[in-house]
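**Student:** Sending over a structure as structure tokens; questions will come in a sec.
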Amino acid sequence: MSLKTSEPLDQAFGVLRQFARARRPVERCELCGLELGPEHPHLIEVASRQIACACDACATLFDGMAGTRYRRVSRAAKLLANFQMTDAEWDGLFIPINMAFFFCSSVEGRVLALYPSPAGAVESLLTLEAWNAMVERNVVLEHLRPDVEALLVNRVGQAREHFIAPMDECYRLVGLIRTNWKGLSGGAEVWGEIARFFNGLKLRADVVSGEAHA
């Protein structure tokens, strides 16, 4: 005797199969292989600037460590309320778009300026004089942690926002632009994603003084 599966049961199995296909791949610690939850620490491989997912135990090994292959990325974000930079000073940096992040590279032994593009992060020439001028007017930058924190600047449209941001957030912005950019101007979708990114960063950031010199 042949058994025929009922139509409602067929539909139920079909729904289950859809859920199975839609399951996101499990993220694992890139050091020990432990399964990770949605919120987990990140490390940065200093030489390559690659971001690695980590469990709490592995991340703790690199917390505040210098001279190691990895460094733990800070989770703190700060919105600099009175950062001093004029439009003319920004234009003098010759960055082709209105976003960039600046960080101290322990490998390069200097401050690097990168901006997101459809091709990924692109380095822009930054002279020591230009950086020193920013630090002189905004002494909060003296405390920027090498490799793991960056000055992230948003001057899109009317925005004039300056953050001390974790490096993984800077590279998340790069990835967001790279995956959503369409055509010559990027398209409405990517600019909406950029606005949501900065709005989310602003909501979780602590507002602090840039401690700028008068």
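**Student:** Answer with yes or no whether A150 is in contact (Cβ under 8 Å) with a residue 24 or more places away in the chain and aliphatic (A, V, I, L, M). Break it down into steps so the answer makes sense when it comes.
**Tutor:** Working: in contact (Cβ under 8 Å) with a residue 24 or more places away in the chain: yes; aliphatic (A, V, I, L, M): yes.
So A150 passes the test.
**Student:** Kindly evaluate E123 against the criterion of being loosely packed, with under 15 Cβ neighbours inside 10 Å, among the charged types (D, E, K, R), out of contact with any Cys (no Cβ under 8 Å at 6 or more places or on another chain) and touching a residue at least 40 places away in the same chain (Cβ under 8 Å). Let's see the steps before the verdict.
**Tutor:** Numbers: loosely packed, with under 15 Cβ neighbours inside 10 Å: yes; among the charged types (D, E, K, R): yes; out of contact with any Cys (no Cβ under 8 Å at 6 or more places or on another chain): yes; touching a residue at least 40 places away in the same chain (Cβ under 8 Å): no.
Answer is no for this residue.
**Student:** Here's another thing I want to ask about it. Under 8 Å between Cβ atoms, which residue pairs at least 6 apart in sequence (or on different chains) link something in the range 84-107 that is closer than 16 Å to Q158 by Cα with a partner that is among the aromatic types (F, W, Y) and at pLDDT 95 or above?
**Tutor:** Cβ pairs passing all conditions: I97/Y115; M99/Y115; A100/Y115.
**Student:** Same structure, new question: Within the bounds of the range 182-198, is there any residue that is assigned to a strand (DSSP E or B) and surrounded by 19 or more Cβ atoms within 10 Å (Cβ to Cβ)? Give the steps one after another, and end with the answer.
**Tutor:** Pass one, the range 182-198, residues assigned to a strand (DSSP E or B): 182, 186.
With surrounded by 19 or more Cβ atoms within 10 Å (Cβ to Cβ) added as a condition, the list becomes none.
Looking for residues that are assigned to a strand (DSSP E or B) and surrounded by 19 or more Cβ atoms within 10 Å (Cβ to Cβ), one finds none in the range 182-198, hence no.
**Student:** Would you point out the residue of the range 71-120, among those that are hydroxyl-bearing (S, T, Y) and assigned to a loop (DSSP other than H, G, I, E, B), that is modelled with the lowest pLDDT?
**Tutor:** Taking the range 71-120 as the starting set, the residues that turn out to be hydroxyl-bearing (S, T, Y) are 74, 86, 105-106, 115, 117.
Now drop any that are not assigned to a loop (DSSP other than H, G, I, E, B), which leaves 74, 86, 106.
Details: S74: 86, T86: 92, S106: 93.
The qualifying residue modelled with the lowest pLDDT is S74.
**Student:** Please tell me if F94 is aromatic (F, W, Y), touching a strand residue (DSSP E or B) at 6+ places or on another chain (Cβ under 9 Å), farther than 30 Å from A57 by Cβ and surrounded by 19 or more Cβ atoms within 10 Å (Cβ to Cβ). Working first, answer last.
**Tutor:** Details: aromatic (F, W, Y): yes; touching a strand residue (DSSP E or B) at 6+ places or on another chain (Cβ under 9 Å): yes; farther than 30 Å from A57 by Cβ: yes; surrounded by 19 or more Cβ atoms within 10 Å (Cβ to Cβ): no.
Against the criterion (aromatic (F, W, Y), touching a strand residue (DSSP E or B) at 6+ places or on another chain (Cβ under 9 Å), farther than 30 Å from A57 by Cβ and surrounded by 19 or more Cβ atoms within 10 Å (Cβ to Cβ)), F94 does not qualify.
The values are calculated or read from the model by the stated rules, or taken from the named source; none is laboratory data. Because the structure is a prediction, the values reported are computed rather than measured. Virtual Cβ from ideal backbone geometry, glycine too; neighbours counted across all protein chains shown.
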